[in-house]
Amino acid sequence: MLILKFGGTSVKDDEAFARVLQIIQESTNSEKCFVVLSASATITDSLIMLMHFAVHNDLENGRTCFEKISLHHLQLLYKLIPDDSPYFNEAETKIRILLDELQEISKSVNFLKESTPRTLDKIMSYGELLSTTLMYYYLLNNSLNAFFVDAREIIATDSSYNKAKVDFEKSQINVNEKILPLFDEGMDIGISQGFIGANNSKQTTTLGRGGSDYTASLFGKFLNATEIQIWTDVDGILSADPRLIKEVSTIPVMEFNEMRSLAYFGAKVVSPDALIPAIEANIPIKVLNTFSETLRKGTYILPKLNRQKSELHSVMRMDVYKINFSISKLDNFLEDSLKIITKIQQQNGKIYSISILPDKLTVWIDKATFNKSHFSTTFSNYSPEICDDLTLFGLVGINLNNFDSHHFITRFHKYKFEYIEIGVSPNEILISIKSEAAREFYREVNQFILANLNVS
């Protein structure tokens, strides 16, 4: 059993749908497949705006927004399924029913002039319901043996709207009773929604950030899948940020904890927490590009790589402030350091690294999360010194606590590292240099990684 999850860009238009169809057809040549879809690209944002316009009685913009959502899906239907197809009338009826329901909810919100997390979850669910309904009939029209699953009948959750918690035991029972028998009876493909579930009262819930990846991971665990494939619009996990570096390469295979480090440093390809059910079940995950000319190239994410030597796989650049706090005159410098760190976190500051000495606490904090307006008053007792001309780099790989730092430092000695942290983590190294040299250093480190990247 393969789990195929397709993100929003993979179902954005009729050409993308055709590409997904090809991938599903090729996959079913060898194994049964369970397909998880996101909403079409930008549709979830449009649904949120629809609710916003309804709450604020902005009828004109609300009407325009609904028409945009409606037109997108109806035009997709007309492009994907010919009107002389035996599935056309049924598909059009289902799509129009969903759109009518969405419009009625919007009218109710407008009447009450009030939004709730429960209503937002209900409205947001229509993106996935519409995309999967289209894909289901598209598969049937192309003679594929597929069945439709409403994820709200399978993924059982609590009532924590917008970020619901999954009831694993009940969800597994639902899979056993409602999905496995269909595969046992000879069906080849299941189609369902990412991101959504339902509570005990059958009210729609959503799973929060990375919800569609999480759904794929859950179905992988519940269906005992051989592999989970996350199809997106990039060639797997890359050695560097392609927006900043031109010559990047796909990392062939990496550990799950590397994904955690990359996500914390700012990479956004896959949400690592969403993959935990699959990793716990020891199911390999592959990140692939829906639009790549060569299928099956991408990045494998495994729980652990059984390799002895150190390997660098990627590098991330972070814009930071280095802040020194004077703690030399404090009676208990460790206790006060903890207080400072806690206060930064309470202000939603994102800390990349901390070093504590008896006279000084140094914190590397993400510039985007640094609140200067509150900072000076909150920490005035600690005489903070802020340095803003340094850039922090995170080097990610495996067995990096045994990394040959001497060779690396010698190779890049001209950059005169301001700070280097090696040996603390098996998956990451932190290095800072003057920001004026950051662009060149980023490019050279990426080249260093590519020259040594294990592609086997």
Checked against (1) open to solvent by less than 20 Å² (accessible area, probe 1.4 Å); (2) over 30 Å from PHE375 (Cα atoms), GLU247 satisfies every condition except (1)
Residue count, segment 277-328, condition over 18 Å from the mean Cα position of the chain (by Cα), of a type in the set (Ser, Thr, Tyr) and more than 21 Å from ILE449 (Cα to Cα), comes to 5
Exception for ILE354 within (1) open to solvent by less than 10 Å² (accessible area, probe 1.4 Å); (2) part of a strand (DSSP E or B) falls at (1)
task: Say whether the condition of being under 22 Å from GLY210 (Cβ atoms) and either β-branched (Val, Ile, Thr) or touching a Lys or Arg at 6+ places or on another chain (Cβ under 6 Å) (or both) is met by at least one residue in segment 103-115.
output: no
Note on segment 236-252: residues closer than 14 Å to LYS297 by Cα and touching a Pro at 6+ places or on another chain (Cβ under 9 Å) are GLY236
In segment 176-210, anything under 30 Å from LYS268 (Cα atoms) and among the aliphatic types (A, V, I, L, M) is listed as ILE189, ILE191, ILE196, ALA198, LEU207
Would you mind stating whether GLY197 is within 21 Å of SER10 (Cβ to Cβ) and not aliphatic (A, V, I, L, M)?
no
| task | Would you mind stating whether GLU444 is in contact (Cβ under 8 Å) with a residue 40 or more places away in the chain and either of a type in the set (D, E, K, R) or touching a Ser or Thr at 6+ places or on another chain (Cβ under 8 Å) (or both)? | result | no
Checked segment 356-380 for anything touching a residue at least 12 places away in the same chain (Cβ under 8 Å), farther than 18 Å from PHE265 by Cα and not hydrophobic (A, V, I, L, M, F, W, C); matches are PRO358, ASP359, LYS360, THR362, ASN371, HIS374, THR378
Residue hits (segment 429-443; among the acidic types (Asp, Glu) and within 21 Å of SER261 (Cβ to Cβ)) are none
Note: among LYS339, LYS304, LYS360, LYS343, just one is open to solvent by 70 Å² or more (accessible area, probe 1.4 Å) and either at positive phi or touching an Asp or Glu at 6+ places or on another chain (Cβ under 8 Å) (or both), namely LYS304
Within segment 250-301, of all residues that are closer than 20 Å to ARG209 by Cβ and of a type in the set (Phe, Trp, Tyr), the one most open to solvent (accessible area, probe 1.4 Å) is TYR264
For segment 242-291 the number of residues that are of a type in the set (Val, Ile, Thr) and farther than 24 Å from ARG439 by Cα is 8
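Yes/no per residue for (1) closer than 25 Å to ARG260 by Cα; (2) at pLDDT 95 or above; (3) among the β-branched types (Val, Ile, Thr):
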| residue | (1), (2), (3) |
| --- | --- |
| ASP389 | no, no, no |
| SER405 | yes, no, no |
| ILE422 | yes, no, yes |
| ASN427 | yes, no, no |
Filter pass, TYR78 being open to solvent by 80 Å² or more (accessible area, probe 1.4 Å), under 30 Å from GLU15 (Cβ atoms) and hydroxyl-bearing (Ser, Thr, Tyr) | yes
Counting only residues that are of a type in the set (A, V, I, L, M) and without any contact (Cβ under 8 Å) to a residue 24 or more places away in the chain, segment 105-119 contains a total of 2
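The values are calculated or read from the model by the stated rules, or taken from the named source; none is laboratory data. Here the structure is a predicted model, which is why all the values come from computation and not from measurement. Glycine also receives a Cβ, built like all others from the backbone with ideal geometry; neighbour counts cover every protein chain displayed. Keep in mind that these areas ignore ligands, DNA and RNA; they rest on the heavy atoms of the full protein, side chains included. Shrake-Rupley method; radii C 1.70, N 1.55, O 1.52, S 1.80 Å.
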